[in-house]
Structures are given as C-alpha cells and as structure tokens.
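Please treat every number below as a calculation from the coordinates, not as lab data. Everything numeric in this text was worked out from a predicted model, so none of it was measured. Cβ placement follows ideal geometry from the backbone for every residue including glycine, while neighbour counts extend to all protein chains displayed.
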Amino acid sequence: MSIAAVFEILLAAVVLGLGIWTIAVRETYSATVGFVAYGLLVALIWVRLDAVDVALTEAAIGGGLGGVLLLSAAARLRDAEPMAAEAPGKVTRASAAALSVLIAATLAGAVLHLPDSTPTLAPTVVANAWATGLANPVTNVLMAFRAMDTMLEKVVLLLAIIGVWSLAPDNAWGGHPGPRHQADPDGVLVFLARLLPPIGIVVGIYIFWTGANHPGGAFQGGAILASMWLLAIMAGLTDTPPVRRRWLRFILVAGPGLFLVVGLGGLWFGAAFLAYPPAQAKPLILGIEVAMILTIAATLGLLLTGAPERSVK
Amino acid sequence: MSGVTVFGVCAAVAVGLGLYGLITNPQPLRKIIAFNLLGSGVFLLFGVVGRRGAASGVGNDPVPQALVITGVVVAFSATALAIALLLRLFQKAGSTTLSNGPPPSAGSDPPGG
Amino acid sequence: MSLARDIITIAAVSAGAFFFLAGTVGLLRFPDTLTRLHALTKADNLGLGLVVLGLLPQAGTLRDGLKLISIWLLGLLAGATVSQLIARTARQGETTR
C-alpha cells in the first residue's frame, strides 16, 4: 500500500468522521462549524481527484460563503433552539437508517463495479480546444462547449435573488438587506476590512484572469470578490445598497444579459445559438466572463446579506 | 484505481449520512446542512467518475467537472433561498418548527429602519 | 542538489506537521477559550510557516515561491484577526457572567 493510498484512506476517514459528527451533534452551532470544516476537507479530496477548479469552487463557495451563510443563520436562530419540535420516534429513525444504508450500499456497489473501460469526453474536449484558444479544458467546457448550462445557471442565480428579495416585509420593500453592522472603529475587524479588500480584489481578479489557461475562473474569482465586499459590510465600513437601486439591478442582469446577447448574435450571424466564430472566440468569452464575474460577485454577496429588512429613508 | 474507489465509497456514505440527517433532524437548519452534505456526496461521485475518465493529458474529465461547478453554485443559491425562507418564518411565527398548526399572531413585522 | 532540497522539504514539513499536531492537541485538551486560542496560534504561525518554508525549495519559479509566502502571510493575518475577535468576545462573555 503506497503512501498516497494511506493518505487517501485517512482523508476519507476524517471526512466521514466529520460528516457523522455534523449530523449527530446536539447543538446547531457545532453542526455548522463541523460542516464548514467538512467542506474544506472535501476540497482536499477534489485536489486529490485532480479537479483543481472544482476544489477552488468548493473551498470558496461551498466552504467559505456557505459557511458564512450557515453561521449567521445559526447565530440568528439561536433563540429558537429550546423550542425545537420533538425528535422523530424510533420507528422513523430506524426506517430512515435502513433507507440510508440501502442507498449508500447501492451507490458504493455501483462505484465498486464500474466497468474498466470508462467512456470519457476528455479527448474530445482537448481536440476541440482550438476553437476557443483557451488552455484550461474546464473553462472551455463551461464557456464554450456547454455555454448554455452556464447561461442558465446565471439565470438560476437571478431567480434565487428574486426569491430572497420577495421575502421582504411590506414596510421594507426595496430597502437595505440585513442589519446595519457596527464595529469598533479602532478595532481589529475594521483594520482587517481596510487592509484585506485591496489584496483580495487583486487575488480575485487574478484567479478569474488565469482561469483561461490554468485552474481558476469567473465563479471562484467572483466568490472572492463577494467575500471582500461582505467583509467591508460586516465591519460597518459600508452599508448594504438598497435593492431598488437601478445600478444594482443592472449589475445583476449584466452577466446573463450579455451572455444572451452574444448567444443571439451567434444565432443571427453565425451557425447556432451561442456559437462563437473561432477568430473572435477568445475576446467574446473573456468579455462575457468580465460581465459574469461582476454579476456573480454581486449576486453571491446579496444572497448572503438576505432579504431587505430596513426601509430606505 | 484504488484511491478513486476509496473516495467513491466515501461519497456513497456521505449521501447516506445526508439522507439520514435530512429525514431525522427535526430542526430545519439541520435539515439544510444535511441536504448540503447529501449534495456534496453526489458531487464527489461525479468527481470519481470523472477521475476514471482521465485521458489525453487531462487528469479528470472536464465535462463532469463543469457540471459539478455549476452544481455547487446552484446548491449554494438554493441554500441561501432556503435560509432566507427560514429566517422569515422565524420572524413571522417566532419558531422554526414546521408544525401543522397556524402560526401564532405573536410574530409581527418589525418597523422598517 | 535535489537531494538536499528534498531533505529540507521533509524536515520542515514534518516540523510544521508536529506544530499542527500540538495545536490540535491543545485545542482538544485545554480548558477554556483563551488557552485554546493560544494553542491554535502556534499552529498558524509556526506550523504553517514551517510547511511553507519546506515547500519553497520545491516551487519551480520565484513567482510560485512568492505566492507561497503570500499565502502564509494572509493565513497569519486572518488567524490573528479572528483570534483577537474570538478572545474579545470570550472576555466579554466572562465579564457579563
């Protein structure tokens, strides 16, 4: 057994142990922290599976932003703990356990019995990379070969924002999301919020820009930009913008809108919807990605700040 | 191949754990966490299948990777919407239980600003 | 030359792993929040620093080495800030009791 295999078994064991702890622990706050740790270790598993783009996404969005979301919800819902409903009875628990074991065993059996000759699209993707001029195959798939999925995913993000905003109470409709944060102006959090965002913005744009040829991309970079914006909000340096502002809504629509315009252009001037002419493929893709990263950063940040709670004065 | 099998079994167990937590935990926030656990197990299964499809100098089949990246972002936005719904329920009804009775009129909207 | 590089890497990363282990043992065994934070900062500063130091000979170019060092500095910054915030909250929690 090689060292790598021992390491992988240990990593899988720790990840599963954390998963069991997250499900079984009594307090919700501990479960949230356990889930954040789980997400970061799963990112390590992704690196081990040679999928560095997914590892970056899982660490940034799954572990980082998801962790902030769950932690703030757990903090706000801490008063609801004693009022929890009664735990389900033994019969429900036993049948749920049986169902879970059955499904897990079926999936594990399917994994262990996968055929040796694997159908794969990697050669096709690599062979067609000339059409875009980008070297990162995942970016090629996301932005060119399955661009429709990415465009529809931007629309899903937009729908989620509309759903979250529609939960505002009547008197706060179109107002500022979330509470007004205040921190000690001489304190550590404000110091970090002044120091880190310039560095974070550079890192975010770098990860986005290098996604053309190396692991990275608009989603990972957008998540980092969103977290820098959230840091400034949480330190009280800036307030959340009122959601009725037109420039905010324009930024949210810019990503899918530009994607749609380019797609229709491909339909009228080219071969099909979302077809890029090979000569202009790279500038078109990078242009779409610039609009995408702005939209992703704004959307992820707004999803985290939640529904409007304070009306515009 | 055996390393990939280890992670495949890990993914299957994560799916089972998430499903169990989703059914048995009474609090909605724990259900959301268990649902995310279930989702990450499914994504790991995609990753395992992609790793087995490594070819042409690419370590992991890019198409499942792109699907998983899309999936992570969509799962995050679904979680954000679910938590916004949960916080609004807590604001209106004063508790987070999905009980069958009508919410008490004790919860009222806070004044704006 | 590469043998010397590998020896440095193995020695430094092992030392860093030892500090991470010590920090984790402290987290699990120390009685209250402030002492646990004290144990964790050892892992952050020394452990991560030693791991990065060990990985520097393996980095191919100067740019990769600078990236590794900036990761260490950002980890230091984040860890220090969060430790301060947690300690302040813990101290406030103690004084109000």
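Odds and ends about this structure:
- Region B:2-93 - Debye-derived log10 I(q)/I(0), Cα point model, q = 0.20, 0.21 Å⁻¹: -0.95, -1.00
- Candidate cross-link partners of C:K42 among the lysines, defined by an alpha-carbon separation under 30 Å and a same-chain spacing of 8 or more, comprise C:K67.
- Phi to ³J(HN,Hα) by Karplus 6.51 cos²θ - 1.76 cosθ + 1.60 over region A:220-234, Hz, x for Gly, Pro: 5, x, x, 5, 5, 4, 4, 5, 5, 5, 5, 4, 5, 5, 5
- Look at the stretch B:46-54: the mean tally of other chain Cβ atoms within 10 Å of its residues' Cβ atoms is 6.
- Partner chain coverage, peptide A:114-124 - average Cβ within 10 angstrom: 6
- Shielding of A:50-62 by partner chains, average beta-carbon count, 10 Å: 6
- Of the residues A:T124, B:T79, the one with the fewest other Cβ atoms within 10 Å heads the list, and the complete ranking is A:T124, B:T79.
- Taking Cα centre as origin and charging only the Cβ of basic (Lys, Arg, +1) and acidic (Asp, Glu, -1) residues, the dipole magnitude of chain A rounds to 640 debye.
- Kirkwood hydrodynamic radius of chain C, Cα pairs, Å: 14.7 Å
- Annotation: amide H-H contacts under 5 Å for A:A275 (H modelled 1.01 Å from N, sequence separation of 5 or more, or interchain): A:G266, A:L267.
- nm² value of the averaged projected area, convex hull over the Cα atoms of chain A: 21.7 nm²
- For q = 0.11, 0.19 Å⁻¹, Debye-computed log10 I/I(0) when each Cα of region A:163-291 counts as one equal scatterer: -0.57, -1.13
- Stokes-Einstein D for the protein assembly as shown, Kirkwood Rh over Cα pairs, 37 °C, 0.692 mPa s (µm²/s): 133 µm²/s
- Between A:R310 and A:H176, A:G178, B:G113, the built amide H atoms are under 5 Å apart, and every one of these is 5 or more places off in sequence or on another chain.
- Counting beta carbons within 10 Å around each of B:D61, A:D50 and listing the fewest first gives the order A:D50, B:D61.
- Mean separation of Cα contacts under 8 Å, 6 or more apart, over the residue count of region A:135-313: relative contact order %: 37 percent
- Phi-based couplings in Hz for region A:133-143 (Karplus 6.51, -1.76, 1.60; Gly and Pro marked x): x, 9, 9, 7, x, 5, 5, 4, 5, 5, 9
- Volume per residue of the convex hull around the Cα atoms, evaluated for region A:1-130, comes out as 168 Å³.
- Using θ = phi - 60° and Karplus 6.51 cos²θ - 1.76 cosθ + 1.60, couplings along region A:268-273 (whole Hz; Gly, Pro as x): 7, 9, x, 8, 7, 4
- Anchor B:K92: lysines whose Cα lies under 18 Å away (excluding residues fewer than 8 positions away in-chain): none
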